[in-house]
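Participant: First the structure, which I've put down as C-alpha cells, then a few questions once you've had a look.
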Amino acid sequence: MSQRSRQKSRNKGRQSGARGRSGVASTSVAASVATSDLASMVSASRPVSGSTALSQAGPAAQSGELLPCDEQLFDRALTQWQFGDWNRLAVLDPDDFAHHPRRARLALLAAAGHQQLGQAEETRRLVRLAHEWGCDRTLIERMLISGVYNTLGCATVLAGQEAGALRHLETALTVGAPGNDPELLMQARIRHQFDGGDLPKLEPPRDRRHRPARRAMGVDSGAGQWPPPVRLIHHLACTGGTLISRCIAAQPDTWVLSEVDPLSPFVPGRFLPTDLIGLSRFGSPPADTETQIELFLAGLAVLYAQARRQGEHLVLREHSHGQFHFGEAVAERPTLRAIVGRVYPTRALVTVRHPFDTFLSLQDTGWVQHFSPPTLDEYARRVHAFLDAHAGCPLIRYEDFVADPAATMQRICEGLGLGYNPDFIESFSAIELSGDSGRHGDRISPRPRRAHPPTLEQEACASEAFQTLLDRLDYRLD
C-alpha cells in the first residue's frame with residue numbers, strides 16, 4: 001500500500017470514530033485541540049525551514065504542468081464548512097488539489113475539518129501548508145478561532161445550556177464568515193450538527209424580531225454596513241476624551257468599552273484573576289505579543305456577537321497613552337485599529353485638544369513623567385506619531401465640541417455610523433466611564449487655561465515639533 005493510501009486509510013479510520021452526522025469528535029478531545037493548541041496551530045502557519053510551497057504541492061505543481069481541476073471543489077468545501085460537515089472536509093487530500101487555484105483555502109478548510117475531529121497533528125500540518133501556499137495569516141486566525149467557538153457550542157449543548165450554545169455558534173460563524181449573515185448559516189449548521197447524531201437536538205434561534213425592526217427604523221449597526229463595524233475612538237490622555245466618550249455612550253443603542261489597549265504596559269500588579277492577557281504575561285513562560293492579540297480577539301468575538309444579538313453598536317475607546325506617551329520611545333507595536341481590523345470592519349475617529357492645554361494637564365497629573373525627556377518638544381513629537389498612526393480618521397477638536405456640543409456630536413455620530421440622541425446633553429451625566437482624570441463635572445463648557453510659567457510659552461515657540469503640531473491641528477498658541 002502506498003504512503004498516500006495509508007494516510008487516507010488512517011484518516012478514514014479516525015473519522016469513522018467521530019460522533020454523529022457532523023463528525024465532531026468527543027467533546028473532551030475536540031475542546032483540547034481547539035483551545036489548548038490554538039496558539040501553536042497559528043504558530044505552525046509559519047513556513048517550515050527548508051520546505052517550499054512547490055515541495056508540498058505534488059508532482060504536477062512542481063513540474064509546472066497545467067492540469068484540469070474540479071472547478072466546483074472550493075464551493076463544495078466552503079458549503080461543507082458552513083454546514084459543519086467536518087467528515088467530508090477532513091477527507092480532502094492536498095495531493096488531489098495541489099494544482100487548484102484556491103489550494104491555500106482548500107487546505108485551510110481541510111484543517112478546519114480535522115480540528116473539529118480532534119486531530120491536532122493533521123490540523124497543524126494543513127495550517128502550515130495553507131500558509132506556505134499563500135493563505136493570509138488573518139484568515140487562518142479567523143478559521144481557527146471560529147473552530148474554537150464551534151467546539152464550545154457543542155460542549156455547551158451537552159451541558160444543557162442551549163442559550164449559551166447558540167451564542168457560541170453564532171460567534172463561530174461571525175468570526176469565520178464575516179461577510180455573511182450568521183443567522184442564515186446557523187440554521188444550516190444546527191440542522192447538520194445536531195439532528196440525528198449523538199449530540200442533543202438544538203433548536204435554531206427564533207426570536208430575532210428586534211433586528212428587522214431596527215433595520216426598518218434605519219438604526220441597524222453600521223447604518224446598513226454588513227457585517228457591522230466595530231467603532232473606535234482614538235485620543236491621548238488629558239484631551240477631554242472621557243467627556244466626549246460619555247456623550248457617545250448616551251447615543252441610541254450604543255455600548256462603549258472605555259480605555260482599551262490589549263498590549264498596554266500598565267498592569268496593576270500580578271494579581272489578575274479575571275484578566276487572561278495579564279495572566280499570560282506573568283506565565284512561565286510569558287506569552288508573546290501575538291498570543292496576547294489572539295486572546296484579545298477571542299474575547300472581542302464574544303462581545304461583538306453579544307452586541308449584535310442585542311442590536312447595539314460596539315464602541316471601543318482606545319487607551320493610546322501607553323503606546324505613545326510611555327517609555328523611552330513610542331512603542332513599535334500595532335494600534336488597536338490595526339488589531340481589530342484583522343477580523344472586523346472598523347469605523348474610527350480621532351479627538352484632540354489644544355496641545356498646550358493637554359501638556360499642562362499632563363504636568364498637573366504627573367503623567368508627563370511617563371515619557372522621557374518630559375518636555376513640551378518631546379510631547380509634540382509623540383503626538384505627531386499618534387496622528388501618523390491614525391492617518392485618514394476624521395478629526396474632532398475638543399474645543400469645537402464644548403463650544404457647540406449638539407452640532408459636533410452630530411458630526412461624531414455621522415462619522416461612526418451611530419444614531420443621534422438630541423437629548424444627550426441632559427442624559428450623559430448618568431453615564432460613568434473609567435479615565436475621568438481631568439477636571440470633573442457634568443457641564444459641557446469651555447474651561448480657562450491652567451496657570452503656567454512664562455518659560456513654557458518660550459519653550460513652545462522654540463520647538464519646531466510643537467509649532468508644526470499647532471499648524472497640523474489648526475491651533476494657535478495664544
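Participant: Restricting to DSSP loop positions (anything but H, G, I, E, B) with no more than 16 other Cβ atoms inside 10 Å of their own Cβ, which chymotrypsin sites (Phe, Trp or Tyr not before Pro) remain in region 247-303?
Facilitator: F266, F271, F282
Participant: Would you calculate the separation in nanometres between label points at D136 and R449, each defined as 7 Å from the Cα along the Cα-to-beta-carbon direction?
Facilitator: Those two pseudo-labels are separated by 4.7 nm.
Participant: If you don't mind, another one. Round to the nearest 0.05 the FRET efficiency obtained for T365 and A163 when R0 = 51 Å and r is the Cβ-Cβ distance.
Facilitator: With R0 = 51 Å, the Cβ-Cβ based efficiency is 0.70.
Participant: Going by C-beta contacts inside 10 Å, put D442, D95 in order with the fewest on the left.
Facilitator: Going from least to most buried by this count: D442, D95.
Participant: For region 76-88, take each phi angle, set θ = phi - 60°, evaluate the Karplus expression 6.51 cos²θ - 1.76 cosθ + 1.60, and give the result in whole Hz per residue in order, putting x for glycine and proline.
Facilitator: 5, 5, 5, 5, 4, 5, 4, 7, x, 8, 5, 4, 5
Participant: Ok, one more. Looking at the square roots a ≥ b ≥ c of the eigenvalues of the Cα gyration tensor of region 74-194, which shape do they give, rounded for a/c under 1.5, prolate if a/b is larger than b/c, or oblate?
Facilitator: Verdict is prolate for region 74-194.
Participant: Something else now. Order by neighbour count: S361, S284, S445, fewest other Cβ atoms within 10 Å first, most last.
Facilitator: S284, S445, S361
Participant: Along each of its three principal axes, how wide is the spread of alpha-carbon positions in region 295-443, in whole angstrom units, largest first?
Facilitator: Extents along the principal axes, in whole Å: 47, 38, 27.
Participant: At 7 Å along the Cα-to-beta-carbon direction for both D478 and S429, put a label point, then send me their distance in nm to one decimal.
Facilitator: Each label point is offset 7 Å from its Cα along the Cβ direction, giving 3.7 nm.
Participant: Along the Cα-to-C-beta direction of E464, a point sits 7 Å from the Cα; which residues of region 375-398 have their amide N less than 20 Å from that point?
Facilitator: 375-388
Participant: If you don't mind, there's one more thing I want to ask. Which residue, H384, L300, P373, has the largest displacement toward the positive end of the dipole of region 290-449 when charges sit on each Cβ (Lys, Arg +1; Asp, Glu -1)?
Facilitator: The listed residue farthest towards the positive side: L300.
Participant: Right, next: From Cα coordinates alone, what are the radius of gyration and Dmax values for region 218-473 in angstrom?
Facilitator: 18.6, 55
Participant: Using Cβ contacts closer than 10 Å as the measure, can you line up C413, C247 from fewest to most?
Facilitator: Sorted ascending by nearby Cβ count, the order is C413, C247.
Participant: Related question: Let me check I've understood the local charge: for H313, count other residues with C-beta under 9 angstrom from its C-beta, Lys and Arg +1, Asp and Glu -1. What total comes out?
Facilitator: Charge balance in the 9 Å sphere: -1.
Participant: Could I ask something else about it? Determine ³J(HN,Hα), in whole Hz, for all residues of region 173-178 in sequence, where each value follows from phi through the Karplus function 6.51 cos²θ - 1.76 cosθ + 1.60 and θ = phi - 60°; x replaces Gly and Pro.
Facilitator: Each residue's phi maps through the Karplus curve to give 6, 5, 6, x, 9, x Hz.
Just so you know, all these numbers are worked out from the coordinates, no wet-lab data involved. Remember, predicted model here, so these are calculated numbers, not experimental data. Methodologically, a virtual Cβ is constructed for each residue, glycine included, from the backbone with ideal geometry; neighbour enumeration extends over all protein chains shown.
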